[in-house]
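Enquirer: Sharing a structure here in structure tokens format.
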There are 2 protein chains.
Amino acid sequence: MPGDEIEPWLLTPGPLTTSVTVKQAMLRDWGSRDRRFIAINREVRDRLVDLAHGRGSHVAVPVQGSGTFAVEAMIGTLVPRDGKVLVLVNGAYGKRIARICAYARRAHPVYETSEDTPPDPAEVARRLAADPAITHVAAVHCETSSGILNPIAEIAAATAAAGRRLLIDAMSAFGALPLDARSLPFDAVAASANKCLEGVPGFGFVIAREQALAAAAGTAPALSLDLHDQWRGLEANGQWRFTPPTHVIAAFHQALIEHEAEGGVAGRGARYRENCRILVEGMAALGFEPLLPPALQAPIIVTFRMPADPRFRFEAFYDGLSRKGYVIYPGKLTVADSFRIGCIGRLGPPEMRGALAAIRGTLAEMGVESGAPRRREAA
Amino acid sequence: MPGDEIEPWLLTPGPLTTSVTVKQAMLRDWGSRDRRFIAINREVRDRLVDLAHGRGSHVAVPVQGSGTFAVEAMIGTLVPRDGKVLVLVNGAYGKRIARICAYARRAHPVYETSEDTPPDPAEVARRLAADPAITHVAAVHCETSSGILNPIAEIAAATAAAGRRLLIDAMSAFGALPLDARSLPFDAVAASANKCLEGVPGFGFVIAREQALAAAAGTAPALSLDLHDQWRGLEANGQWRFTPPTHVIAAFHQALIEHEAEGGVAGRGARYRENCRILVEGMAALGFEPLLPPALQAPIIVTFRMPADPRFRFEAFYDGLSRKGYVIYPGKLTVADSFRIGCIGRLGPPEMRGALAAIRGTLAEMGVESGAPRRREAA
């Protein structure tokens, strides 16, 4: 079935387009006890800690499955049974953390703001002051539902000032937006092989403060998601407790080498910012309006409001772009009818300009003259 | 790092050697909402149900992660909070099921036999009769710790006769040993992409009786491992709830095509039995003695007793074989000092004979004249 038509560029939040060399790293079967495979894992874990500037204070622990598995392992292991998590929600991924807490039966008051509104760090501070039982704050760095950048440094400062622990879902930001453990206090951050680090999907990881993880034995509600036990196993002999996704890990190792070659977080972030700039400017020229103002827009994925023109139908738009070799993403918002276009993965300015040309062509096919949305009502 | 020396044959219980064409299926990035990717998933799920002859009664639900994740999703979702599981243990994987039950806080009496002794179906029947609170029996089809074949048909009959539900860990057997839902009643069987179906590691799956799964809403102790919710999501729109391991799934799709081309379960099982026969006979000629008598030996992995010759050191033996391009597996038993050699993966008679030649050569290098174990004491 593969190869029967063009392979499209994936302008999505993942699975995303990866380099040929990353995929070629999967053309070999590794024994999971192979010394060189164990060395690959060691190097991957060390590189992840270094990306967060956590050497000496933090450890990286991979978790089989999707990024959500890593988030669930982080919450279920690091929040004690009698803990209480203030969950900051402004989209689907914040809501998912609340759902994870409900499964794990952890008390979890929610501070929710609209999908286009970041949480207010002062309000976080007030809620922490008002409820001394809260032990942890859980926050999403870039909420992929909208593409909004949440003020993670200010949230971290408010949480630390109140003597509480911060758990971050940095799924769609890690590797492209800085997160420095030396200046931004957190107990753990969860992310995935398959976002800004441009590996293929198959595992996530948690970078945790070693002291917090060491204290978290016997907490997790599931063996597979027991981050403490996974860490102890890796430390004991360098092996995963249960069969690791060997090919995916080899691909990720290659992806980290390519990330470093691009200039690390700064270089990767610069390419994505340029992708995002080209996209937003090009879409503006076609009349499209992003949901978010520039100050709140992370260079990861951009939400555009649905055009007012009645000839615009999203399914036809999606299919037209797909036929031209570009895959975009439907919206996931309640505040606005919308769609999303990603800026991440092995894409650069030529692909972003190609996508814009495909969008122009598809609009012409549909007879849509402008992407301008319905005029918004005054607040 | 790959390519700097020969890629060895993996005579292990997995990750194992896969075909080049299975690995090449990973050289493409799939969007997880791509219609053809959704069709691949549909076909994979249908083929899995057909392998168990469960069409019309059972459904297949993949679970991200290793096979253990699938076992844990099966136990945590299908055993209600007030359920009670009789766990049959004769090795590490049965013990792991008991550990999963402890995490999920499910009552779980254990019926344990020695690692070289299968559970007695009559004893299962007695224990079920003696404790009406037991709702489920959990059994391992082939216990990979020793390679023993457990009497799954007789266990299924005893469980059904007592009106209880059977959950099977068929990790290392599914696809090579028959498991027919029409004649062997079970509520669910868990297995992995990376065993006898010869895919690469990255997900497991559960084939569950649809009525049992439909009744299991709200039971699972973790969102990621909620098999009911995963099934509902797949049925709703063909998509996984959380990012699927797209490349691994494409490889598995190819692996299933190759499995069918080999003659399905019968053809795959025949090759493994021939591998196993060549191995056991060749090892016997060198003096090595398998742990298990032929009637209990599954054609999956063979446990050999450690030779008595003091010049035999397992680490040197392992390294010598590895240098010659064959990876074997350490033992995992308490009853006997041992090592294991697998018969599964993309290996045939030439590779098994090659492994035997490498073993002969390595023994000669070590100055070991015979693989004969210490004389066993009379029982």
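The values are calculated or read from the model by the stated rules, or taken from the named source; none is laboratory data. This is a predicted model, so every value here is computed, not measured. Reconstructed Cβ throughout: ideal geometry from the backbone, glycine too, with neighbour counts over all protein chains shown.
Enquirer: If residue B:55 meets every condition in (1) out of contact with any strand residue (DSSP E or B) (no Cβ under 9 Å at 6 or more places or on another chain); (2) over 30 Å from residue B:321 (Cα atoms); (3) buried (at least 24 other Cβ atoms within 10 Å of the Cβ) apart from one, which number is that one?
Expert: (3)
Enquirer: Let me ask something else about it. Look at residue B:250 and say whether it is closer than 26 Å to residue B:78 by Cβ and either among the aliphatic types (A, V, I, L, M) or at pLDDT below 95 (or both).
Expert: No, not satisfied.
Enquirer: Would region B:264-274 turn up any residue that is within 14 Å of chain A (Cβ to nearest Cβ), of a type in the set (Phe, Trp, Tyr) and within 18 Å of residue B:176 (Cα to Cα)?
Expert: Checked against the condition, which is being within 14 Å of chain A (Cβ to nearest Cβ), of a type in the set (Phe, Trp, Tyr) and within 18 Å of residue B:176 (Cα to Cα), region B:264-274 yields no hits at all.
Enquirer: Got at least one residue in region B:159-173 being buried (at least 24 other Cβ atoms within 10 Å of the Cβ) and part of a helix (DSSP H, G or I)?
Expert: yes
Enquirer: Further question: With the requirement that a residue be within 20 Å of residue A:306 (Cα to Cα) and basic (Lys, Arg), what does region A:341-374 give you?
Expert: A:360, A:374
Enquirer: Residue by residue through region A:1-12, note down the ones that are at the interface with chain B (Cβ under 9 Å from one of its Cβ atoms), part of a loop (DSSP other than H, G, I, E, B) and modelled with pLDDT of 90 or more.
Expert: The answer is A:7, A:8, A:12.
Enquirer: I would also like to ask the following. Mind counting the residues in region A:213-238 that are assigned to a loop (DSSP other than H, G, I, E, B), more than 11 Å from chain B (Cβ to nearest Cβ) and aliphatic (A, V, I, L, M)?
Expert: Count: 3.
Residues checked against (1) in contact with a helix residue (DSSP H, G or I) (Cβ under 8 Å, 6 or more places away or on another chain); (2) within 12 Å of chain A (Cβ to nearest Cβ); (3) on the phi < 0 side of the Ramachandran plot:
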residue: B:163; (1), (2), (3): no, no, no
residue: B:173; (1), (2), (3): no, no, yes
residue: B:184; (1), (2), (3): yes, no, yes
residue: B:209; (1), (2), (3): no, no, yes
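Enquirer: What single numbered condition from (1) more than 18 Å from the chain's Cα centre (by Cα); (2) within 30 Å of residue A:19 (Cβ to Cβ); (3) of a type in the set (S, T, N, Q) fails to hold for residue B:57?
Expert: Every listed condition holds for residue B:57 apart from (2).
Enquirer: Restricting attention to region A:307-323, does a residue exist that is in a loop (DSSP other than H, G, I, E, B) and among the aromatic types (Phe, Trp, Tyr)?
Expert: For region A:307-323, residues in a loop (DSSP other than H, G, I, E, B) and among the aromatic types (Phe, Trp, Tyr): present.
Conditions tested, residue by residue: (1) among the β-branched types (Val, Ile, Thr); (2) more than 30 Å from residue A:347 (Cα to Cα).
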{"site": "A:205", "(1), (2)": "no, no"}
{"site": "A:215", "(1), (2)": "no, yes"}
{"site": "A:230", "(1), (2)": "no, yes"}
{"site": "A:238", "(1), (2)": "no, yes"}
{"site": "A:246", "(1), (2)": "yes, no"}
{"site": "A:252", "(1), (2)": "no, no"}
{"site": "A:256", "(1), (2)": "no, no"}
{"site": "A:267", "(1), (2)": "no, no"}
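Enquirer: Anything in region B:332-346 that is within 13 Å of chain A (Cβ to nearest Cβ) and at pLDDT below 95? List them, or say none.
Expert: Across region B:332-346, the qualifying residue is only B:332.
Enquirer: Taking the criterion of being closer than 28 Å to residue B:247 by Cβ, of a type in the set (Phe, Trp, Tyr) and either crowded, with 24+ Cβ neighbours inside 10 Å or at pLDDT 95 or above (or both), would at least one residue in region A:217-239 satisfy it?
Expert: Yes, region A:217-239 has at least one match.
Enquirer: Say we look at region A:257-312 and pick out the residues that are under 25 Å from residue A:171 (Cα atoms) and of a type in the set (Phe, Trp, Tyr); which of these is nearest to the chain's Cα centre (by Cα)?
Expert: Taking the candidates together, the pick is A:272.
Enquirer: Quick one: residue B:232 ticks every box in (1) free of Cβ contacts under 8 Å to residues at least 60 places away in the same chain; (2) under 30 Å from residue B:78 (Cα atoms); (3) in contact with a Pro (Cβ under 8 Å, 6 or more places away or on another chain) except a single one, so which number is it?
Expert: (3)
One line per residue, one yes/no per condition, for (1) under 14 Å from the mean Cα position of the chain (by Cα); (2) surrounded by fewer than 20 Cβ atoms within 10 Å (Cβ to Cβ); (3) free of Cβ contacts under 8 Å to residues at least 60 places away in the same chain:
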position	(1), (2), (3)
B:134	no, no, yes
B:155	no, no, no
B:175	yes, no, no
B:185	no, yes, yes
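Enquirer: List pairs: first residue in region A:280-292 and crowded, with 19+ Cβ neighbours inside 10 Å and assigned to a helix (DSSP H, G or I), second residue of a type in the set (Val, Ile, Thr) and modelled with pLDDT of 95 or more anywhere in the structure, Cβ distance under 7 angstrom, at least six positions apart or on different chains.
Expert: Short answer, once both residue conditions are applied: A:280/A:302.
Enquirer: Suppose we filter B:115, B:72 for residues that are closer than 27 Å to residue B:224 by Cα and under 22 Å from the mean Cα position of the chain (by Cα); which single one remains?
Expert: That would be B:72, the only listed residue that is closer than 27 Å to residue B:224 by Cα and under 22 Å from the mean Cα position of the chain (by Cα).
Let's see how each residue does on (1) within 17 Å of residue A:265 (Cα to Cα); (2) within 14 Å of chain B (Cβ to nearest Cβ); (3) in a loop (DSSP other than H, G, I, E, B):
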site	(1), (2), (3)
A:22	no, yes, no
A:29	no, yes, yes
A:41	no, yes, no
A:44	yes, yes, no
A:49	yes, no, no
A:56	no, no, yes
A:59	no, no, no
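Enquirer: Can we say residue A:200 is within 14 Å of another protein chain (Cβ to nearest Cβ) and within 25 Å of residue A:44 (Cα to Cα)?
Expert: Yes: the conditions hold for residue A:200.
Enquirer: Those residues that are surrounded by 15 or more Cβ atoms within 10 Å (Cβ to Cβ), out of contact with any Cys (no Cβ under 6 Å at 6 or more places or on another chain) and not hydrophobic (A, V, I, L, M, F, W, C), I need them from region B:293-312; list them, please.
Expert: Listed by number, the residues that qualify are B:297, B:303, B:305, B:307, B:309.
Enquirer: Continuing with this model, one more query. Quick check on my filter: what residues within region A:239-256 are of a type outside the set (A, V, I, L, M), more than 7 Å from chain B (Cβ to nearest Cβ) and part of a helix (DSSP H, G or I)?
Expert: Matches in region A:239-256: A:252, A:253, A:254.
Enquirer: Something else: State all residues of region B:76-108 that are crowded, with 24+ Cβ neighbours inside 10 Å, assigned to a helix (DSSP H, G or I), more than 10 Å from chain A (Cβ to nearest Cβ) and over 15 Å from the mean Cα position of the chain (by Cα); if no residue qualifies, say none.
Expert: Answer for region B:76-108, where residues must be crowded, with 24+ Cβ neighbours inside 10 Å, assigned to a helix (DSSP H, G or I), more than 10 Å from chain A (Cβ to nearest Cβ) and over 15 Å from the mean Cα position of the chain (by Cα): B:77, B:78.
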